[in-house]
Amino acid sequence: MRVVLAEDLYLLRDGLTHLLQAHGFEIVAAVESGPELQHALTEHRPDVAVVDVRLPPTFTDEGLQAALSARREVPGLPVLVLSQHVEQLYARELLADGTGAIGYLLKDRVFNADQFVDAVRRVAGGGTVMDPEVISKLLASNARDEPLGKLTEREREVLEQMAEGRSNAAIAQRLFISEGAIGKHTASIFTKLGLAPSDDDNRRVLAVLAYLNGTAPH
Amino acid sequence: MVRRYSVAMARSVAFAGLAIAGLLGGLLLVVALAPVFVGLVFTHMPVVEGTRFLPRLARRLSGRWSTVDIPDPYRPAPEPVRPEADGWYRDGDQLFKHGWWPNYQKRFTWIGEDPATWRDHLWMLANGIVGTVLGLLPVAALGYGLFGLIAPWQPFGIAWYAGVPLGFAPLIGLALMVLGVLSAPRLLTAQGKWNRLLLKVRRERGAKSRPRVWLGDRLRTIGYGAAVAAFGVLGFLLFLANLIVFVVSQFTGMQPLVWPPLVEASRTLPNLARARVKELLGEEIADPYLPEPPLPRPRPDGKFQAARHLYRTAGPVIRHERWKWVMTDRATWRDLAWMLLNTVVSLLPFLPAVLACIGTFGWVVPWFWEPLLAYFFDKAPKPGYTLTDLLLPKATLLGPLPGVFELVFGVLLTVLAFVITPRLLLIYAKWNKYLLAPTQAALLAKRVQTLTESRAEASDAQAAELRRIERDLHDGAQARLVAMGLKLGAAEVLIDRDPAAAKALVAQVREVSSVALRELRDLVRGIHPPVLAERGLVDAVRALALDSALDVEVTGSLPGRPEAPVESAAYFGVSEVLANATKHAEANHLAIHLEHDGERLRIVATDDGRGGADPVNGSGLRGIERRFATFDGTFTVDSPVGGPTKVIMELPCALSSPKTSTSSETV
């Protein structure tokens, strides 16, 4: 699997390169600035890009902007964004195009190599991975909004896990209930959010979007 | 049909009854109001509250019977005073053991300040006559007409229709009866409209638009000028009082004791004049006085020093300082000069009133009046007094002149008064401004004081902030790093002997490092939020809005970025407002608007909460106010009880060159 990596701190860039290579990824480019990233993304068209938000030369949100503009050019280009801090604002911007294949994690999550590599794989596979911190902030601020307010406690838990990019099987394992029950919950969530039966993966993305926006999907 | 008219008549009578009841109530009010003027405040308020049901009933009945809707105009009643945490009730700077007195005062002020109260009074008194007449007219016409029908028989031996041929009396009577009955519904409507005239909601003072009628406008201006002239008289008296006290105290050595308080009290008058200038010129006159001297601090030996004298207590030093303060303030002497000179200058705005009075009552009115008097009251009218003779020459103050001159001259004088009055008022206002506005030196002194204060506060705040960061780092990340080092050391020892235990320790180290990172993240967020650095103010506020539990709407945009410290102050201002709206205001919705008008950044936040926020009580808001003061910014909270709360933050700043706009437009 071909990866473009953008991180300005040498130690972290090196560490990530080793980690990903150790797990069978091929690093096609490891860059350290916004313009380089832009160039690498359009040139290499990687299977997944791992991008730090803050990059030289401005040290603002270069990485995020580069990722967003690359995704405008190549819709659905899988991007996993890493940051020292997570903001709902950025999460929404990343999810806005609704094509999935997006990840947004705190840099701390790299510590747990297995989970991190898993997240990279899921993003590359078109899934959506949101940091638990984004999710918990959303829970705090959208607690009483419609139509999410209609969901039961259990359904909210399932949706939360879905937003973190887990499959039904993984959610079942986490919540200690059967996969069949999870299936029922997800179906109920889709109905309550008004998502017509179609491609299941797409519906999952839309449900997560609805969750993040606190509103009904269009 | 019949029913409609009879009902209207009955209602008219009821209105008349209400009018009489109102008259009685009004008289009671007059009696109850009188003791207030000698300081007995216990009678007025209960009577006002007790009689309010009368105008209220009139409003309700006007709506129901006359189809003239009159909403209640009263201001909402004040909330009762609640005891403070220590159980005492506070009213201004007074504490009370029981709540009834502050509550009574609060209600007294509420009743007295509500213009509707006084219009109710007026209605009660005036309606006693007007309402009774209007109400009884139909019934009276009906009754009197009835007597007309039987007038030919002269019932009760009274000639009801004296002077009318007896044969016509029944006809007139019939006509009167019909008129009475038919007019009843109209008069009922008139009754309602009359009630509305006095009892409706008026625009509060200040919201009044300028009158458009030239004549009325000018007449008011003339009256205003005459009233303003009172400053001349009052100023002169005050000047004399100041002069006498100054001279006498100078010789008795009491000056520091009596002179400064008098000067301070005297400033009320120039301050009132300043408010008038603001009305006339539309520009604020800044307070010209030097800031009050700070309280003295004792020397190391505990004594207080004033010039070369040492005192055991602060009193003499304070008096000395205040004496020096008023003596060295040029505004003191300018005020006194104004008081003296204004005695003469204030005749200027008074002039139009004098001219108009002389013109109208000294020349125009007598021109009509004298012939009329002569015609009616002279037993032997002089042959000259006919209408045409008004034009004949007459002896006047200016010698014999054609009769019409009196009229023309009087009219000219009056018109002159009407024409020159605004100009004179303007001249007067400018003269006032000349002496009452602060001098350049006073403005500078004020500015220095403000800057000194805000600098001291800023450096205090900065020091406190640094201390907080130091403490957080010391107790947080630093301690965690130490723990990590210890654990890694232990793992190093264990790694060969007990790999499983070493592995567990390393896992712990990872956990601790996570915690340390989280703490650092929170710390950084408190110092300078990353999203603010990355995206600028508008997006940072959007991010705040997203994290808030409220429904927050962010509008507006900035064409560039303010300097970092200003941006940061604005961000934390909004953050504090959000926190307050969430915690205290019980708000659901908050609208935040950001804009920059080329000179200042302006952020307006409006919530739908219950209001009553007071920056004095909120330490957070006070902190923000201080932070804003460093940048000459203002932080205004407008929060009437009952809401909504509106916070306006203004920070003068320039914007740097525009940065590429963000991709996010919606939140």
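Quick notes
- Per-residue [θ]222 nm for chain B (sum of -39500 (n - 2.57) over DSSP H runs n ≥ 4, rounded to 500): -21000 deg cm²/dmol
- Ranked for footprinting exposure by Cβ neighbours inside 10 Å, fewest first, B:217, B:607, A:14 give A:14, B:217, B:607.
- Peptide A:87-97, shielding by other chains (average Cβ, 10 Å cutoff): 5
- Exposure proxy ranking, count of Cβ atoms within 10 Å, fewest first, for B:428, B:161: B:161, B:428
- Whole-Å semi-axes of region B:460-509's equivalent ellipsoid (Cα gyration tensor): 36, 7, 4
- With the largest listed first and rounded to whole Å, the semi-axes of the equivalent ellipsoid of region B:1-86 from the Cα gyration tensor are 35, 19, 8.
- Kirkwood hydrodynamic radius of chain B, Cα pairs, Å: 34.3
- Kyte-Doolittle mean at least 0.5, axial Cα span of 27 Å or more - DSSP H helices of chain B: B:2-33, B:115-149, B:169-199, B:230-252, B:403-436, B:479-497
- Filter on B:97/B:200; B:200/B:430; B:106/B:278 - keep pairs with C-alpha separation over 32 Å: B:97/B:200; B:200/B:430
- Three-way shape label, region B:441-545, alpha-carbon gyration tensor, a/c 1.5: oblate
- For the peptides B:429-441, B:333-345, the ranking by packing is B:333-345, B:429-441, with the highest mean count of neighbouring Cβ atoms within 10 Å listed first.
- Full extension of the chain segment joining residue B:64 with residue B:90 gains 5.0 nm, where the gain is 0.36 nm per residue of separation less the Cα-Cα distance.
- Counting Cβ atoms of other protein chains within 10 Å of each residue's Cβ and taking the mean over peptide B:505-516 gives 1.
- Relative contact order of region A:29-114: 25 percent, from C-alpha pairs under 8 Å at least 6 residues apart in sequence.
Read the figures in this text as sums done on the coordinates, not as results from a lab. Note that the structure is predicted; figures quoted are calculated from it, not measured. Neighbour counts are summed over all protein chains in view; Cβ atoms, including those assigned to glycine, are modelled from backbone coordinates with ideal geometry.
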